[in-house]
1. Counting each DSSP H run of 4 or more residues in the chain as -39500 (n - 2.57), what helix-only mean residue ellipticity at 222 nm follows after dividing by all residues, to the nearest 500 deg cm²/dmol?
2. If you wrap a convex hull around the C-alpha atoms of the chain and split its volume per residue, what is the figure in Å³?
């Protein structure tokens, strides 16, 4: 159960890291701020993707729910096969 939860958390962090690297590619002078020519429509879309990432914030909760359901199904299938033997 914990492995499934950790996988969900890892994937959420990985995708956030990918989005952040893409956003930072627009920071031409590497000062951590976007100004002047660095602000483009593409940069603004990348900023929206990074800042509106509710999925990453809720990943621990949804991950726990999905891993619990996933493991219940697996244990149920295992119990059915074990009982039929």
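Coordinate-derived values only; no laboratory data. All values reported here derive from a predicted model rather than from experimental measurement.
1. -26500 deg cm²/dmol
2. Details: hull volume 8.4 nm³, N = 85.
Hull volume normalised by residue count: 99 Å³.
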